[in-house]
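Single-structure report; data block below.
The values are calculated or read from the model by the stated rules, or taken from the named source; none is laboratory data. This one's a predicted model, so the numbers in the text were calculated from it and none came from an experiment. Positions of Cβ are generated from backbone atoms using ideal geometry, with glycine treated the same way; all protein chains shown enter the neighbour counts. With ligands, DNA and RNA removed, areas are computed over all heavy atoms of the protein, side chains included. Shrake-Rupley method; radii C 1.70, N 1.55, O 1.52, S 1.80 Å.
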Amino acid sequence: MALVPRALRPAVLIRRKALYSGVFGNSTVWKGIAVWVFGRSVIKKMAGKNLEVIDVSALGTGRLMTIQTIKPTSRRARRKLAKRGTPAPTAKEYRATSRAEAAAIRELRRSKKR
(Lines give C-alpha, C1' and ligand atoms only; values in the text may rest on other atoms or scores of the structure.)
Protein backbone atom coordinates (compact mmCIF):
# COMPACT_ATOMS: atom_id res chain seq x y z
CA MET A 1 0.00 0.00 0.00
CA ALA A 2 1.44 3.35 -1.06
CA LEU A 3 1.98 6.07 1.51
CA VAL A 4 -0.04 9.25 1.26
CA PRO A 5 2.16 12.27 0.49
CA ARG A 6 2.98 14.26 3.63
CA ALA A 7 1.08 17.35 2.46
CA LEU A 8 -2.14 15.31 2.13
CA ARG A 9 -2.01 13.44 5.43
CA PRO A 10 -4.99 14.24 7.72
CA ALA A 11 -2.83 15.31 10.68
CA VAL A 12 -0.87 17.73 8.50
CA LEU A 13 -4.06 19.12 6.96
CA ILE A 14 -5.61 19.69 10.39
CA ARG A 15 -2.45 21.39 11.71
CA ARG A 16 -2.26 23.62 8.66
CA LYS A 17 -5.96 24.55 8.84
CA ALA A 18 -5.66 25.26 12.60
CA LEU A 19 -2.65 27.47 12.01
CA TYR A 20 -4.04 29.53 9.14
CA SER A 21 -7.73 29.73 10.17
CA GLY A 22 -7.26 29.76 13.93
CA VAL A 23 -3.97 31.39 14.85
CA PHE A 24 -3.72 33.76 11.88
CA GLY A 25 -7.47 33.91 11.18
CA ASN A 26 -10.66 34.75 13.07
CA SER A 27 -12.18 31.31 13.72
CA THR A 28 -12.46 30.57 17.45
CA VAL A 29 -13.21 26.89 16.77
CA TRP A 30 -9.92 26.48 14.88
CA LYS A 31 -8.11 28.45 17.62
CA GLY A 32 -9.29 25.85 20.10
CA ILE A 33 -8.16 23.05 17.82
CA ALA A 34 -4.77 24.79 17.41
CA VAL A 35 -4.36 24.97 21.20
CA TRP A 36 -5.17 21.27 21.45
CA VAL A 37 -2.92 20.20 18.53
CA PHE A 38 0.13 22.34 19.32
CA GLY A 39 -0.32 22.45 23.10
CA ARG A 40 -0.31 18.68 23.44
CA SER A 41 3.26 18.33 22.17
CA VAL A 42 4.47 21.29 24.25
CA ILE A 43 2.99 19.78 27.42
CA LYS A 44 4.65 16.44 26.63
CA LYS A 45 8.02 18.12 26.29
CA MET A 46 7.65 20.20 29.46
CA ALA A 47 5.91 17.62 31.65
CA GLY A 48 9.03 15.70 32.50
CA LYS A 49 11.80 13.51 31.28
CA ASN A 50 11.33 9.87 30.53
CA LEU A 51 13.62 7.26 31.96
CA GLU A 52 16.14 5.69 29.60
CA VAL A 53 16.59 1.96 29.42
CA ILE A 54 20.30 1.38 29.80
CA ASP A 55 20.74 -2.37 29.64
CA VAL A 56 18.71 -5.54 29.64
CA SER A 57 20.76 -8.59 30.53
CA ALA A 58 19.98 -12.14 31.51
CA LEU A 59 21.94 -13.43 34.50
CA GLY A 60 21.85 -17.07 33.50
CA THR A 61 19.55 -20.04 33.23
CA GLY A 62 16.68 -19.87 35.67
CA ARG A 63 17.50 -16.28 36.65
CA LEU A 64 15.34 -13.23 36.26
CA MET A 65 16.16 -10.59 33.70
CA THR A 66 17.81 -7.47 35.05
CA ILE A 67 16.56 -4.19 33.67
CA GLN A 68 18.46 -1.11 34.73
CA THR A 69 17.13 2.38 34.11
CA ILE A 70 18.44 5.80 35.00
CA LYS A 71 17.22 9.35 34.69
CA PRO A 72 18.82 11.27 31.84
CA THR A 73 21.49 13.70 32.98
CA SER A 74 19.89 17.13 33.24
CA ARG A 75 21.33 20.13 31.47
CA ARG A 76 22.24 21.70 34.82
CA ALA A 77 24.08 18.57 35.94
CA ARG A 78 25.96 18.38 32.63
CA ARG A 79 27.04 22.02 33.07
CA LYS A 80 28.24 21.35 36.63
CA LEU A 81 30.23 18.35 35.42
CA ALA A 82 31.73 20.44 32.62
CA LYS A 83 32.82 23.12 35.12
CA ARG A 84 34.59 20.47 37.19
CA GLY A 85 36.27 19.15 34.06
CA THR A 86 34.53 15.79 34.26
CA PRO A 87 32.73 14.72 31.07
CA ALA A 88 29.13 13.58 31.50
CA PRO A 89 28.82 9.79 31.21
CA THR A 90 27.27 8.62 27.96
CA ALA A 91 24.66 5.91 27.53
CA LYS A 92 27.37 3.73 25.98
CA GLU A 93 29.49 4.04 29.15
CA TYR A 94 26.47 3.18 31.32
CA ARG A 95 25.80 0.07 29.20
CA ALA A 96 29.42 -1.05 29.46
CA THR A 97 29.39 -0.58 33.24
CA SER A 98 26.13 -2.47 33.71
CA ARG A 99 27.31 -5.33 31.47
CA ALA A 100 30.54 -5.58 33.45
CA GLU A 101 28.58 -5.68 36.71
CA ALA A 102 26.25 -8.37 35.34
CA ALA A 103 29.26 -10.44 34.23
CA ALA A 104 30.85 -10.05 37.67
CA ILE A 105 27.62 -11.19 39.35
CA ARG A 106 27.43 -14.22 37.03
CA GLU A 107 31.05 -15.13 37.75
CA LEU A 108 30.49 -14.74 41.50
CA ARG A 109 27.47 -17.06 41.41
CA ARG A 110 29.39 -19.62 39.35
CA SER A 111 32.27 -19.62 41.84
CA LYS A 112 29.85 -20.12 44.77
CA LYS A 113 28.38 -23.23 43.08
CA ARG A 114 31.83 -24.89 42.78
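Taking segment 20-114 and the helices (runs of 4 or more DSSP H) fully enclosed by it, the elements with 1 or more residues that are modelled with pLDDT under 85 and touching a strand residue (DSSP E or B) at 6+ places or on another chain (Cβ under 6 Å) are at 91-113.
Determine the pairs where a residue that is closer than 30 Å to Arg75 by Cβ, located within segment 85-114, has a partner that is open to solvent by 100 Å² or more (accessible area, probe 1.4 Å) and assigned to a helix (DSSP H, G or I) with Cβ atoms under 8 Å apart, the partner being 6 or more residues away or on another chain. What qualifies is Ala88/Arg78. Does segment 5-16 include one or more residues that are at pLDDT 65 or above, exposed (fewer than 13 other Cβ atoms within 10 Å of the Cβ), part of a helix (DSSP H, G or I) and β-branched (Val, Ile, Thr)? No: segment 5-16 contains no residue that is at pLDDT 65 or above, exposed (fewer than 13 other Cβ atoms within 10 Å of the Cβ), part of a helix (DSSP H, G or I) and β-branched (Val, Ile, Thr). Scanning segment 93-107 for residues that are β-branched (Val, Ile, Thr), over 21 Å from the mean Cα position of the chain (by Cα) and over 18 Å from Thr61 (Cβ atoms) yields a total of 0.
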